[in-house]
Structures are given as structure tokens and as C-alpha cells.
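J.: Handing you this structure, nothing more for now.
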Amino acid sequence: RSMTLRMNRTKPILRWILILALSVYSIYVVGLVLFLNTPILRAVARMTNDDETHVTLVGAWSLVPGTIHAVTARIVLGEPDLAGEIDLERARIDFEFLPLFRKEISLPLIRAERTTVSLRPRPPPPSPPPPVETESERIRMVSAEELDRLDHRWTILAGRVELPNLEKVSVGSGVLRADRISVSGAFLLQPGTRCEILPSILSIRDGRWN
């Protein structure tokens, strides 16, 4: 009888624990969908300037914490010497939570079933600015707005990128087509400030440059 009494007392507690867990999970799923598919993502990551490098997700969702799926993930490049778009379709993006507190977006894995790349090199400025002699002069030349942006910038580190099916790669007016184009590698990005391709492998089979 005592065992039955303990079981009867435990059931309501377990029921409330289950309800609480389901509620937290529902908040996570719904909240992350809203965060990823609305301008909130770009606002939080300081990627609100359309002329600078930014990331946009379409049809993004997550059922397992730490893994995001997206119908399309678009990276718009707006660097001083390079512009363009990279579209990742049916993408899987793994991420880590703790680096977010350091303004870092750590992505252990990015994988897409289909990828298109369009790059447009930008011409150098007609008259480069005069060289800056000292560090103090460099600091004086940076506006307060720019200093604030640099202080709040986020760093995106993709440790493993797998793009097994690049259907189209265009650079300027030229287009690279092939029976198979694939990329595996990594990159580091600070939107509007820094873009670095880490050691990567590009594989092309029967390629044609038009």
C-alpha cells in the first residue's frame, strides 16, 4: 500500500515535469523559427546594412537544439574588393550555443544539397587614400559610429563546409559549368570587416569556362 501511495504522489510531479519540458521545447522551436526567418537575426548580428556582407535564411527551422535546417541560406557578399551571392539550398547548419555569449557564431558543419555562386570583383578606387603614418592618426580617422560597429561586430566561423553539388559558379561575366563541382573547407567572416577562406578543396570534373 505504501508503494502505491508513493506512486500516486509521484505521478502528478512527473506530469508537471513533462508539461514543463514540452513547454520549453515548444518555446525553443517557435522562438527559433521567428528569430531565424525575420529581420531579428540580422539586427542581433549587426548585419542590417544591405551593402555589406550579410546572411539571410528562408524557411529555417530546428527540431534538435544545435541543428538548423533551411530551404535556402543566402550569403550576400559586400566586401571592398568583392560582391556577390552564394545560395545554399536545402541546407543543414550545426551551431554551438556558448560562443554566442562572446559574439561568435560557431558553425561546426554547413552542408547543402545544391549551391549556386555568383561573384563580381569590384574595381579598386580611382584614387587610393593617402597612407596613414602612425597608429594615433589611424584612430583619429575612424569615426565614433565606425568604432561602435567594430566593437559590436560578430564573428562567424564555419569549421566544416560541405557543398557536394555546385550547379553554377560565375565570376564576373564568366560562368564555370562542369559535370560535378564540389567544395569542402572552412571560412571566417566578420560582416563588413573581414572575410577569410580557410584551407579548402575545390574539385571540378570535366569543367568548362564560358
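The values are calculated or read from the model by the stated rules, or taken from the named source; none is laboratory data. Predicted, not measured: the structure shown is a model, and the values here were computed from it. Cβ coordinates were reconstructed from backbone atoms using ideal geometry, including for glycine residues, and neighbour counts include every protein chain displayed. SASA here: full protein model, heavy atoms, side chains in, ligands and nucleic acids out. Shrake-Rupley method; radii C 1.70, N 1.55, O 1.52, S 1.80 Å.
J.: In nm, give the distance between the simple-model label positions of SER173 and SER200, each being 7 Å from the Cα along the Cα-to-Cβ direction.
T.: About 2.6 nm separates the two model spin labels.
J.: Starting from the residue with the highest accessible area, list SER26, SER118, SER62 in decreasing order, probe 1.4 Å.
T.: Heavy-atom accessible area, descending, gives SER26, SER118, SER62.
J.: If I take R0 = 35 Å and measure r between the Cβ atoms of LEU82 and LEU20 in this structure, what FRET efficiency does the formula 1/(1 + (r/R0)^6) give, to the nearest 0.05?
T.: Approximately 0.10, to the nearest 0.05.
J.: For VAL33, tell me the accessible area in Å² from a 1.4 Å probe, rounded to the nearest 10.
T.: Approximately 50 Å² of VAL33 is accessible to the 1.4 Å probe.
J.: Any idea what the relative contact order of region 41-109 is, in percent, if you count C-alpha pairs under 8 Å spaced at least 6 apart?
T.: Once divided by the residue count of region 41-109, the mean separation gives 23 percent.
J.: Based on the Cβ-Cβ distance of VAL33 and ARG90, what FRET efficiency does E = 1/(1 + (r/R0)^6) give at R0 = 25 Å, to the nearest 0.05?
T.: 0.90
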